[in-house]
Structures are given as C-alpha cells and as structure tokens.
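A.B. asks: Please read through the structure below; I'll follow up with questions.
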Amino acid sequence: MRVAFVGKGGAGKSAIAGTFARLLARSGRPVLALDSDPMPGLAFSLGLRTSDAAIPEDAVEERAQGETGPRYRLRAGLSGAEAVDRYAREAPDGVRFLQFGKLRGQEPAMMRSQMAFRQIVQDLPEDRWDVVGDLPGGPRQAAFGWAPYARTLLLVVEPMTKSLLTGRRIARLAAGMKSAPAVLAVVNRVREPGDVERVKQATGLEVVGAVPWDEELAEAERRTLAPIDHAPASPAVRAIESLVHELAGESHR
Amino acid sequence: MKVAVVGKGGSGKTTTSAIVARTLGRRGLGVVALDCDTNPNLGISLGIGEVETDRLVSMRENLDEGAEQHAPGWNDLISRFGTDGPDGVRLAVVTRIENPEPG
C-alpha cells in the first residue's frame, strides 16, 4: 500500500497519518512513514520524541558530468533500501520514519533533500514496504511533486467551509495530474450526522473513512503523545483502524 | 498600519485576519486585506462568499496564463484584483494555487 495524506493545514493529516502507520504496522505490514512537510508533525503522532530523521548531507551527491537524471541523487553505491536502513528512525510498532524537506548540513537543502527522498522511495521494492506519507497543508503544487509514490491520496477534510473549499481545490488539482492517483476523502472531526454527506457533496469524492471529533486527540496533542499511545481505545483511533482495514483489503491502493 | 498574520496551518490565521480587518473597517479606517496564502480563503472569513472568492482566485491565475495583464502599481492591483467586502474592507488576492507537477 502506498498512500499519502493531504488536506488543509490543521485538518488533522499528521494525527491520522501517524495513527494509520502504527495500526498498519500492527497488522504485520512493514511500514515506512514519510513526513514531507517542512513544518514537521508526523514524528509526534507516531510516538517519536524527536522530529529529526533527515538524510545526512553526505548521503546526497550532485550528479556526475555526463550522467542523466535529476541534479542530485543518492551517493554512488547507496540504494534506497540501504538509505532507509541507515537513516530512517525506528518508531514504535516497527514503523520506520524518514523526514523529508530537511537535510542535515549547511547546504540550501530543499532541492537536494527532495531529489534524494524521491529516489529512495522510487528505489524501494513495493512488495517490501508499505508507504504512508504526510504532505504539507493546502493545495500547493509541492504537495503533489513530493508524493509521486502515492497510489492513493487520502484527502483529510473537516466539514467546515474553508476545509471543504480547500478539499475541492486539491481534488481538482489531483484530477489534473499526469499520473492521477486515486483520491479518496477521509472526513475528520465529525460531529453531526450530516457531516459526511457535506464532504461528499462539496468534494465530489468517495468517502472512505470518518473520524469523529474526539477530545482525547486534543489531549494527546497537549501532552505531546501519539494518539494511539495516549488513547488506544478512543473513538477516533478506532475509526482510523477501520480506515486501515478498508484500505488494506484492497491491495491495489 | 501594516500587519501580517502568520502561524501554523489551522491555527486561525485567516479567521483572525478577517476579524481584525473588519474591526478596523468598522472604526472608519480604510482597510485593504491581502490574501497571500497559497490556499486563499480570506474571502470566506471576511464574508465575501465562495463565488466571489473563487472569482478573485481565477483572476489571479489568469495572470499566469497570459489572459490577464499584470498590474503596474498598487492602486491598479487593488482595483483590478480586489473586491469590496463588508465594513468597507477591500480584499485582494495576490497568490495563486499553483499547478501540480512543475517540471
């Protein structure tokens, strides 16, 4: 499975993505969790105390003269799988975590890091790793440029005007992509029976999950704990568990 | 007075900006609200509505497609890329939703 979570800033992408990755790993899958938001948040939702899981500068080289491809690549001899083994942090439940958009070192890092990251994900054998990505908020093009691995984009939408409008913008952009991935909606902070329908209407997307408003998740944030560690039996975590089952049942995701 | 509102996604930047702008407008000041977000929603929080907000966003996007000319100065920018909202606040959208997959 290769999914990436997108949506408006503050819609709850990281909390859902982190919980999703942990639950997927518990079901026995090898999971690589990728944070490509330059303002990192996924690490905390996974239960790591640090967000520092960047690729070191010396793992990335400028391409040699005469070589084709992107300007920067992993250093010669370093495969994507090795890069994960070496640089990805180990989160609870065996989830491996890489943070992208940052590079440890002096260079203006963004482009080097992006290209190395993209190569790592492309290199990984698909049957070996499930990938769960967390993307920057909003409809910025970067969101899509940074998740070429995703077979499915999971659009996290709150049933509120600005979130719905953002959701519609992202869905429209995704539909216009060359390699258009499937886009499914996950409704977050559901409070009323009509909320799911509201998202369906506004985005025109199939709704694959509905996560209820849950004070326990807010409390987890206040205490810097992963939702799954703070409140494993909470309604929100249960709902994300259903989402995992729903998606894992369809191997093409 | 020139203020800019910043913060994490979802922390309430747009809502705060809109309320500050309308409050200043109600006090009789001439207010321009600039939406500089790559996800431009300020029109919604100002009470201008989805249709008019989207119209401004499309106008801004037409610039890049060459269907619209750049504004040579501030006054022209505010008049052509702006719209009048409640409490005398003038909204202009100055960012665009970028297209996916650049090169």
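A.B. asks: Residues that are closer than 21 Å to A:GLU246 by Cα and within 14 Å of chain B (Cβ to nearest Cβ), at least 1 per element: which helices (runs of 4 or more DSSP H) completely within the range A:158-223 meet that?
C.D. replies: Result: A:161-175, A:195-203.
A.B. asks: Going by the structure shown, is A:LEU184 open to solvent by less than 20 Å² (accessible area, probe 1.4 Å), closer than 14 Å to A:PHE20 by Cα, touching a residue at least 12 places away in the same chain (Cβ under 8 Å) and of a type outside the set (Phe, Trp, Tyr)?
C.D. replies: Against the criterion (open to solvent by less than 20 Å² (accessible area, probe 1.4 Å), closer than 14 Å to A:PHE20 by Cα, touching a residue at least 12 places away in the same chain (Cβ under 8 Å) and of a type outside the set (Phe, Trp, Tyr)), A:LEU184 does not qualify.
A.B. asks: Within the range A:38-56, is there a residue that is in a strand (DSSP E or B), touching a strand residue (DSSP E or B) at 6+ places or on another chain (Cβ under 6 Å), modelled with pLDDT of 85 or more and within 30 Å of B:GLY12 (Cα to Cα)?
C.D. replies: Looking for residues that are in a strand (DSSP E or B), touching a strand residue (DSSP E or B) at 6+ places or on another chain (Cβ under 6 Å), modelled with pLDDT of 85 or more and within 30 Å of B:GLY12 (Cα to Cα), one finds none in the range A:38-56, hence no.
A.B. asks: Between a residue in the range B:12-24 that is away from every other protein chain (no Cβ under 11 Å) and any residue that is charged (D, E, K, R) and assigned to a helix (DSSP H, G or I), which pairs come within a Cβ distance under 7 Å, given they are 6 or more apart or on different chains?
C.D. replies: B:ARG22/B:ASP87
A.B. asks: Tell me the residue from B:ASP37, B:ASP87 that is modelled with pLDDT of 95 or more and open to solvent by 40 Å² or more (accessible area, probe 1.4 Å), please.
C.D. replies: Going through B:ASP37, B:ASP87 in turn, just one is modelled with pLDDT of 95 or more and open to solvent by 40 Å² or more (accessible area, probe 1.4 Å): B:ASP87.
A.B. asks: Let me ask something else about it. Hey, can you tell me all the residues within the range A:8-24 that are in a helix (DSSP H, G or I) and open to solvent by 10 Å² or more (accessible area, probe 1.4 Å)?
C.D. replies: The answer is A:LYS13, A:SER14, A:ALA15, A:LEU23.
A.B. asks: Follow-up question, since we're still on this one. Test B:ASN62 against the stated conditions and say whether it is surrounded by fewer than 17 Cβ atoms within 10 Å (Cβ to Cβ) and either among the polar types (S, T, N, Q) or more than 14 Å from every other protein chain (Cβ to nearest Cβ) (or both).
C.D. replies: Taking the combined requirement at face value, the residue satisfies it.
A.B. asks: Identify the single condition in (1) open to solvent by less than 50 Å² (accessible area, probe 1.4 Å); (2) touching a residue at least 60 places away in the same chain (Cβ under 8 Å); (3) aliphatic (A, V, I, L, M) that B:ALA71 does not satisfy, given that it satisfies every other one.
C.D. replies: Just one mismatch for B:ALA71, condition (2).
A.B. asks: How many residues are closer than 25 Å to A:THR50 by Cβ and touching a helix residue (DSSP H, G or I) at 6+ places or on another chain (Cβ under 6 Å) if we restrict to the range A:203-223?
C.D. replies: Total meeting the criteria: 2.
A.B. asks: Now for a separate question. Would you mind stating whether B:VAL51 is surrounded by fewer than 20 Cβ atoms within 10 Å (Cβ to Cβ), within 13 Å of another protein chain (Cβ to nearest Cβ) and more than 13 Å from the chain's Cα centre (by Cα)?
C.D. replies: Yes; evaluated as a whole, the condition is true for this residue.
The values are calculated or read from the model by the stated rules, or taken from the named source; none is laboratory data. Nothing here was measured: the structure is a model prediction, and the numbers come from that model. Every residue, glycine among them, receives a Cβ derived from its backbone with ideal geometry; neighbour counts consider all protein chains shown. We work out accessible area using only protein heavy atoms, side chains counted, and drop any ligands, DNA or RNA first. Shrake-Rupley method; radii C 1.70, N 1.55, O 1.52, S 1.80 Å.
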